[in-house]
Amino acid sequence: MQKNMAELIQNCSAVEKLKREIYTFCQYMAANSKIEWTESTWNPVTGCTKVSPGCKFCYAERIAHRLKMMGQPHYANGFRLSLHPDSIQLPLRWKQPSTIFVNSMSDLFHEKIPLEFLTKVFQVMNKANWHVFQVLTKRAQYLEHIAPMLPWSENIWIGVSVESEEYLWRIEHLRSVPSKVKFLSLEPLLGPLGNIDLQGIQWVIVGGESGPRSRPVKKEWITEIRDRCLEAGVKFFFKQWGGMNKKLAGRELEGRTWDEMPSRQKDQEVFLM
């Protein structure tokens, strides 16, 4: 009986150790993002609900279910919207200045996130002024509605996702937000955006969809957007062609990579004085 009890305790300890190792690994991955246009990710909220065709084969949903199977505590609810108060202070512990994608596994402007919680996230971004925070949403109408209630420091960049002409209206809502840098994520690009208006936009990211059920992207859709960016003086970043094997497909567009981003050097000089 005592032997069985000892083995049970040992097994439980091993499970808890594994959970801690998984948590530590995920924290490391957060500080070393593989997303091409950022350096780190920070997820005070995980999980989301789908609002448009761009969400159909959501990469975050796939990853969330995988992490749940691995026993990662923050993904115990899978892809259901979940708040993580214990993660709010995390960027304050990262002393090396970094570009941080906020809520890569959710949407910070999901309507069910309480304003009080959202305000705390923004307060941390204001306080951690040695970082640049990149916030991306598909909920542009709610963003415009709630933006005046939030503290916007100059190190907070805000963007909206637009996957097709049907959702170009999101850009109009973005323009009213009091953020120094406004950007567009045109990924997954599902159609041409010939009527896109880049007034008031500083940065455009374009990418094809990746994954086992990815929908195709056409070169002319991408080059048309790039040319519009060049004409308007807007920074252009080509993230990927996508497909089943995005690494094999690569990131080159007409013989070169496009890695343009708004400068953060001037911002850091102001913030770190």
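The values are calculated or read from the model by the stated rules, or taken from the named source; none is laboratory data. Since this is a predicted model, take the numbers as computed values, not measurements. Cβ: placed from backbone, ideal geometry, glycine included. Neighbour counts: every protein chain shown.
Which is over 15 Å from PRO53 (Cβ atoms), in a loop (DSSP other than H, G, I, E, B) and among the small types (Gly, Ala, Ser), of SER179, SER214? First the steps, then the outcome.
Working: SER214 fails: over 15 Å from PRO53 (Cβ atoms).
Only one candidate passes the filter, namely SER179.
I'd like the full set of residues that are more than 16 Å from SER185 (Cβ to Cβ) and more than 21 Å from the chain's Cα centre (by Cα), limited to the range 214-243.
Within the range 214-243, PRO216, LYS218, LYS219, GLU220, THR223, GLU224, ASP227, LEU230, GLU231, ALA232, GLY233 meet the criteria.
Looking at the range 84-175, what helices (runs of 4 or more DSSP H) fall wholly within it and have at least 1 residues that are in contact with an Asp or Glu (Cβ under 7 Å, 6 or more places away or on another chain) and under 27 Å from LEU193 (Cα atoms)?
On the way: elements: 90-93, 115-127, 140-146, 169-175.
The helices (runs of 4 or more DSSP H) meeting that bar are 140-146, 169-175.
If the requirement is being surrounded by fewer than 23 Cβ atoms within 10 Å (Cβ to Cβ), over 21 Å from LEU253 (Cα atoms) and touching a strand residue (DSSP E or B) at 6+ places or on another chain (Cβ under 8 Å), which of these qualifies: ILE201, ILE156?
On the way: ILE156 fails: surrounded by fewer than 23 Cβ atoms within 10 Å (Cβ to Cβ).
Selected residue: ILE201, the only one of ILE201, ILE156 that is surrounded by fewer than 23 Cβ atoms within 10 Å (Cβ to Cβ), over 21 Å from LEU253 (Cα atoms) and touching a strand residue (DSSP E or B) at 6+ places or on another chain (Cβ under 8 Å).
Would you mind finding the one in SER164, SER214 that is within 30 Å of ILE63 (Cα to Cα), in contact with a strand residue (DSSP E or B) (Cβ under 7 Å, 6 or more places away or on another chain), among the polar types (S, T, N, Q) and modelled with pLDDT of 95 or more?
Values: SER164 fails: in contact with a strand residue (DSSP E or B) (Cβ under 7 Å, 6 or more places away or on another chain).
Matching residue, one of SER164, SER214: SER214.
State which residue pairs qualify: first residue closer than 20 Å to SER210 by Cα and inside the range 33-62, second residue buried (at least 20 other Cβ atoms within 10 Å of the Cβ) and among the acidic types (Asp, Glu) in any location, beta carbons under 6 Å apart, and separation of 6 or more residues or different chains.
Sorted first by the residue in the range 33-62, then by its partner, the pairs are CYS48/ASP107; GLY54/GLU163.
All but one of (1) surrounded by fewer than 23 Cβ atoms within 10 Å (Cβ to Cβ); (2) in contact (Cβ under 8 Å) with a residue 60 or more places away in the chain; (3) in contact with a helix residue (DSSP H, G or I) (Cβ under 6 Å, 6 or more places away or on another chain) hold for ILE113, so report the exception by its number.
With (1) surrounded by fewer than 23 Cβ atoms within 10 Å (Cβ to Cβ); (2) in contact (Cβ under 8 Å) with a residue 60 or more places away in the chain; (3) in contact with a helix residue (DSSP H, G or I) (Cβ under 6 Å, 6 or more places away or on another chain) applied to ILE113, the lone miss is (3).
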